[in-house]
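Taking it in order: structure first as structure tokens, then the write-up.
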Amino acid sequence: MQLFKYTFLSYFWGDFKIQSITKMNTSRIVALLLVVLALPFIVQGQDDSQKSNQVTLSGYVKDASNGETLIGASVFIRSISAGTVSNAYGFYSLSVPAGSYEVEISYIGFATQTQQISLTENQTLNIELGEMVNELVEVVVTSEAEDRNVTTTEMSVNKLGMKTIEKLPALLGEVDVIRSIQLLPGVNTVGEGATGFNVRGGSIDQNLVLLDEAPVYNSSHLFGFFSVFNPDAVKDVKLYKGGIPARYGGRLSSILDVRMKEGNSKEFSGSGGIGLIFSRLALEAPIVKDKSSFIVAARRSYIDVLARPFLNANDLGDTKLNFYDVTLKANYIFSDRDKLFLSGYFGRDNFGFGDAAGFNWGNQTATLRWNHLFSDKLFSNTTFYYSNYDYQINFGDTAEDQFDWDADIQNYSLKMDFKYYLNPKNTITFGGQTILYEFEPGNAVGVSDGTVTDFGLPEKYSLESGIFIENEQKVTSKLSLHYGLRLSVFNYMGEGNAFTFEDNEDASRRDLLETISFGQWENIQSYTGWEPRASVKYQLNPTSSVKLSYNRMYQYIHLVSNTTAATPVDVWTPSTNNIQPARADQIALGYFKNFKDNMFVTSIETYYKDFNNLLEYIEGADLFVNELIEGDLLSAEGRAYGLELQVEKKKGALTGWASYTLARTERKVPGINQNDWFPSRFDQTHNFSLTLFYELNKRWSFSSNFVFNTGTPATFPTDRSDIQGYVVPYNANESRNNVRIPAYHRLDLSATWKPKKKRPNRKWKGEWVFSIYNVYNRRNPFSIYFRQQTIRPQAGQPINTEAIRFSVIGNFIPSVAYNFEF
């Protein structure tokens, strides 16, 4: 194994130093891919050669009530201080010297199990943990080990349990994953009605949102008010803001990994909720008990149905204002070593006003995964997924005069990753992935007086591939490392045209110089990127540690949007010969400390992130159905730095957390803002949130959250000219984002009442949730715009103008919902 490692490093790292990474020999990349794919068989042989020295205890940890695997469950042998945690599929593996041991298996919210085991040979131990009884349910930010935040190398990572998310005050009573993570340090949004979220200075397209490993390109329903994730189908939510492992790639700022439930393998069950504007229902059951199961969850809003009696039947009677989604998953255990998963998501938003106008958008994903155990120490997962995000706009109510536009981005991907539990001190993860992208930037057809005009844009194709290897290593009892390397390769391919533009010294539209046509799958432009990752943890004492992390990320696809907030109909584009891949380097340092037997968990993190090749736009950029859009784009530098504080109380009747972020996010573009740094649109200096939960008794519980954010930057005119009774504003010093809109703050409250059961053994459980969003009626500004008085002034009189605050939500919103399970 040592010989293999040294050969690997000298051959490929030496090649990296000699050659330019953008011109690396293709045969070397192919050879590297083959080596990584051969690793399972190499390490399996290594595993066989070590059998005489150690024995391996392995298996799955599951919930005894429904058969769901538990992610991050602890398996620990106290006598020799050896332990591990279950992976994303509930599998664990622990190699120790032969002997008799007392094994402790624990998971927050579940009763700890202790088993006496005599290990003389490799042994499989599948464990089912039962939930704690006769105790108030504790609300926790993480469902893993209580001291995991100070004992692992992970930093800049947040894991929200669904029990926590379900207790948060919710807009119109709907539990929401995306809005929940915005209460964490380092995460913000530009305002209500904005899709997506921003992490440590990144734009929304710099977040890789995964649902069962398939990317979701728009994570919001109803312009950001609700997320696409049905809470009844979600099992686990994990957000990586920094220290991102090498197995992830393709985005600059964060990874949001959402895992779906597998379905109850014990018995038929269901859950759901009825709210004021939409309802949901989830059903799950075994197909073959303890071997195969499924879950189907669906939601549908009905605000348009409720509003229909109040609308004009002639003009607005056919108004559509709804969203729906369906989430489903099934699994089958073929043997102790093979398990198959099939999952999918189908969702859509519809906004239409009869035949006159409308637009809609939606995500569709499908994931097929195969888990295989090569040995007790080598776990593999093979994933194939399909993802599609499409959006459409239409105007006109007759066949003689109308306009129809649609666009989409489709992915097909094959991914293989392996986890090798070398010994209690080393866990190696390696694998590869390839993604085929199909971009349809705009298929537009207009009809005027019966004349049809097709001015759509041609499709674009690209292929992104990556291979990675990483290791979690315990060097000493105090020092732990997690380091890895990812190699990503991107090919922009035909069929299509490649444009060459002239270089401008100022930030103006570039003129076209040359057009070259390429055939189907012919390579137009290639990029290669090395992405090192590393995290270090030093244990100061049993309750505190310091951590340091670094990661480099490349992003090869980009969201083209210059609006105040991204919209569902913004266009995705690949890196081309004119659009360079974006790159970000981030370093973070943190101190982690727990108090009073892990009742209080605290963390302080500081970070610095350097961006390169970000997309910016010339003034007056034409982004809609523009084949020469690359001539309107600019390349920007960026930087983000900040301090994040979090204090969390995890035990007792009163629980919750407070988080504070002090941050700055800036951009620099040649020819913009006098070539000086300016704050980005989502820069917020101060970001504070306080989230509290109180369990009064087994029937009543309460929750609240308060949010305060500095106002976001905006570009205001500095001067004006009066021309023939009209005001023409302009920016005299050509500054960008030169002012800030007023601060955002909001208080939400919620109360949950669980009616007393009439029959103790009845499986039906229900609860009423009463909530108030924006309790004190704050009119938070989303944007500010200017207008002049409507009455034309008399000659010699000044023209009055006024600033208008636009608020998406200007009142408090009460709601009531009934949630149930059976």
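The values are calculated or read from the model by the stated rules, or taken from the named source; none is laboratory data. Remember, it's a predicted structure, so these values are computed and weren't measured experimentally. Cβ sites come from the backbone with ideal geometry, for glycine too, and all protein chains shown count toward neighbours. The area values use the complete protein model at the heavy-atom level, side chains included, leaving out ligands, DNA and RNA. Shrake-Rupley method; radii C 1.70, N 1.55, O 1.52, S 1.80 Å.
For segment 391-410, enumerate the residues that are open to solvent by less than 50 Å² (accessible area, probe 1.4 Å) and polar (S, T, N, Q). Scanning segment 391-410 gives ASN394, GLN410.
Go through the residues of segment 177-192 one by one and say whether even a single one is more than 30 Å from ALA636 (Cβ to Cβ), touching a Phe, Trp or Tyr at 6+ places or on another chain (Cβ under 9 Å) and either modelled with pLDDT under 90 or assigned to a helix (DSSP H, G or I) (or both). Yes; the residues of segment 177-192 include at least one that is more than 30 Å from ALA636 (Cβ to Cβ), touching a Phe, Trp or Tyr at 6+ places or on another chain (Cβ under 9 Å) and either modelled with pLDDT under 90 or assigned to a helix (DSSP H, G or I) (or both). Can you find, within segment 97-110, the residue that is nearest to the chain's Cα centre (by Cα) among those that are closer than 14 Å to PRO424 by Cβ and crowded, with 18+ Cβ neighbours inside 10 Å? Across segment 97-110, the extreme among qualifying residues is VAL103. Among the residues making up segment 782-812, those that are open to solvent by less than 60 Å² (accessible area, probe 1.4 Å) and within 20 Å of ALA743 (Cα to Cα) are PHE782, SER783, ILE784, ILE804, SER807, VAL808, ILE809, GLY810. Filtered by the rule that a residue be open to solvent by 10 Å² or more (accessible area, probe 1.4 Å) and part of a loop (DSSP other than H, G, I, E, B), segment 252-261 gives a lone residue, LYS261. Of the residues GLU630, GLU648, the single one that is closer than 30 Å to SER526 by Cβ and touching a residue at least 60 places away in the same chain (Cβ under 8 Å) is GLU630.
Within the bounds of segment 196-206, is there any residue that is in contact with a helix residue (DSSP H, G or I) (Cβ under 9 Å, 6 or more places away or on another chain), part of a loop (DSSP other than H, G, I, E, B), among the small types (Gly, Ala, Ser) and modelled with pLDDT under 90? Taking every residue of segment 196-206 in turn, at least one turns out to be in contact with a helix residue (DSSP H, G or I) (Cβ under 9 Å, 6 or more places away or on another chain), part of a loop (DSSP other than H, G, I, E, B), among the small types (Gly, Ala, Ser) and modelled with pLDDT under 90.
Is it the case, given these coordinates, that THR573 is closer than 30 Å to GLY496 by Cβ, open to solvent by less than 50 Å² (accessible area, probe 1.4 Å) and hydroxyl-bearing (Ser, Thr, Tyr)? Yes, satisfied.
Among the residues of segment 374-390, the ones that are open to solvent by less than 30 Å² (accessible area, probe 1.4 Å) and of a type in the set (Phe, Trp, Tyr) come to 3 in all.
Only one of the numbered conditions (1) at positive phi; (2) touching a residue at least 40 places away in the same chain (Cβ under 8 Å) is not met by LEU614, and that is (1).
When SER703, SER689 are checked against the criterion of being closer than 30 Å to LEU283 by Cβ and either touching a residue at least 40 places away in the same chain (Cβ under 8 Å) or in a strand (DSSP E or B) (or both), SER703 stands alone in meeting it.
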